[in-house]
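**Student:** A single structure is presented below for examination.
Derivation of every value follows stated rules applied to the coordinates shown; laboratory data play no part. For clarity, every value in this text was computed on a predicted model and none was experimentally measured. All Cβ positions, glycine included, derive from the backbone under ideal geometry; neighbour counts span all protein chains shown.
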Amino acid sequence: MLAVGLVDHDRMTIRVSRLADNAPVTNAAVAVKLRGAEHPATAQVDGSYVFESRDLGAPGAATVQITVHDGAVSETLSATLQPGAEPAEEKNSTRQLLWWVLNFGVCIGFLWLISRRRKAAEES
């Protein structure tokens, strides 16, 4: 089995699939062991599993064990949770917006100038 987890603040969404055919495992019992505490994961309608814990936001790397019980098959998967940096805010967003406004202004001005020249040529 293969498990992929996505952490968003205090919530982890886990997708479990079989290695043989990459089919999702949707009706399993999933538990996550993080920083010594075991947490049950709740099955979602889309086939994923979710669990919430404040331990997900704790600083430092942590070992994660995901235990999947799917019928007669039981497997424990291990990984390391590496906290990443918070996404940086877009510092140049105002500058980029002004750049686009300037570009559109130049294009509109150019089209207006061509339009005036055509009208002047038609009147002559």
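**Student:** If the chain between THR80 and GLU52 were fully stretched, how many nm would it gain, using 0.36 nm times the residue separation less the Cα-Cα distance?
**Tutor:** Full extension from THR80 to GLU52 adds 8.4 nm.
**Student:** Rank MET1, VAL101, PHE51 by how far each Cα sits towards the positive end of the charge dipole of the chain (+1 on Lys, Arg Cβ; -1 on Asp, Glu Cβ) and give me just the farthest.
**Tutor:** Going by the charge dipole, the pick is VAL101.
**Student:** How much length is gained on full extension from ARG117 to LEU6, taking 0.36 nm per residue of separation minus their Cα-Cα distance?
**Tutor:** 34.1 nm
**Student:** Here's another thing I want to ask about it. With angles folded into 0 to 90 degrees, how steeply does helix 93-123 sit against the dominant principal axis of the chain? Use alpha carbons for both and round to 10.
**Tutor:** Once rounded, the angle reads 30 degrees.
**Student:** Expressed as a whole number of Å, what is the distance separating the alpha-carbon centroids of segment 101-124 and segment 1-74?
**Tutor:** 60
**Student:** In vacuo Debye scattering of segment 19-124, one point per C-alpha: log10 I(q)/I(0) at q = 0.12 Å⁻¹?
**Tutor:** -0.64
**Student:** For segment 2-81, compute the orientation-averaged projected area of the C-alpha convex hull (one quarter of its surface), in nm².
**Tutor:** Approximately 5.0 nm², given one-decimal rounding.
**Student:** If contacts are Cα pairs under 8 angstrom and at least 6 residues apart, what is the relative contact order of the chain in percent?
**Tutor:** 19
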